[in-house]
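What follows is one structure encoded as structure tokens, with my remarks underneath.
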């Protein structure tokens with residue numbers, strides 16, 4: 001049988017692992033933070049906990065989730081706002097050194113000491129990637145409760161899980177905003193976007209490109225760009241299938257006029273488009289994707305845009321050795 005201290009350590013470790021799994025499994029940030037403020041007090045023997053998130057534009061911390069035994073004071077806590085300077089004045093180490101601090105009632109502002117009945121409060125910064133995303137507050141409403149260094153370490157571990165959750169949800173929100181911004185921009189500037197891999201295989205078509213070309217992403221993903229859409233210039237010269245050869249056509253060293261191609265739709269008809277390309281690179285400069293922006297252009301005089309391809313053989317560009 002494990003000694004009592006070891007048994008407690010085992011339970012705490014199990015709880016921290018459970019919180020980690022919960023953070024990974026839940027899809028709603030409020031739900032994650034709500035679970036954290038309910039579980040944490042049980043781990044360290046207090047009865048109230050709150051997480052305040054930092055608003056960098058207003059330079060203040062606002063209550064996101066809290067848990068406590070007094071409904072009336074809980075309602076006040078939900079409206080709690082701490083200015084950045086207020087937190088810094090409570091303990092310089094919280095924001096500057098990103099370390100926890102025990103703050104006694106005499107040092108607390110009246111709206112915390114009087115309205116919330118706080119006597120001794122543990123304040124732990126919620127930090128991810130060296131940025132303070134918020135703070136955790138823990139106290140005991142039934143009397144003074146001094147936490148041990150081990151208990152403070154436990155709270156720091158929980159705060160780290162909260163920081164990971166907050167950061168992940170914010171990254172997802174930023175990604176969603178970026179995707180929406182790209183969608184709106186593409187609607188303004190292009191009639192469709194095609195995303196290719198570095199070797200010119202189709203990764204995705206946006207909704208406009210699917211409508212323009214009559215293909216769904218699932219139908220063409222993984223196939224070659226030039227072959228799938230029968231890409232040719234106005235003279236019938238086919239875009240090479242070889243990626244490096246196609247790059248010479250799509251992205252010549254000197255370009256004065258936009259590159260214009262016919263692309264074949266699913267029904268065999270053709271549409272004339274300006275095709276502009278750009279590479280998406282990672283932090284090390286490696287190519288992640290090649291984005292092709294399509295802009296529909298009027299058909300040449302005397303031709304009918306959308307006419308079905310006739311079976312006349314197409315010429316293929318011959319490219320010499322590429323070094």
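Each value in this text was obtained by applying a stated rule to the coordinates, not by laboratory testing. Since this is a predicted model, take the numbers as computed values, not measurements. FYI the Cβ positions are ideal-geometry reconstructions off the backbone, even for glycines, and counts take in every protein chain you see.
What the table shows:
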| quantity | calculated |
| --- | --- |
| Theoretical FRET efficiency, 1/(1+(r/R0)^6), r = Cβ-Cβ of residue 62 and residue 149, R0 30 Å, to 0.05 | 0.55 |
| Sequence ranges 139-146, 194-201, 94-101, ranked by mean other-Cβ count within 10 angstrom, highest first | 194-201, 94-101, 139-146 |
| Mean Cβ count within 10 Å, highest first, over the residues of peptides 277-290, 152-165, 203-216 | 152-165, 203-216, 277-290 |
| Cα centroid of region 90-104 to Cα centroid of region 208-240, whole Å | 59 |
| Distance histogram in 10 Å bins (all Cα pairs of region 4-169, percent per bin) | 10, 43, 37, 9, 0 |
| Overall form of region 84-151 per C-alpha gyration tensor (a/c, 1.5; a/b vs b/c) | oblate |
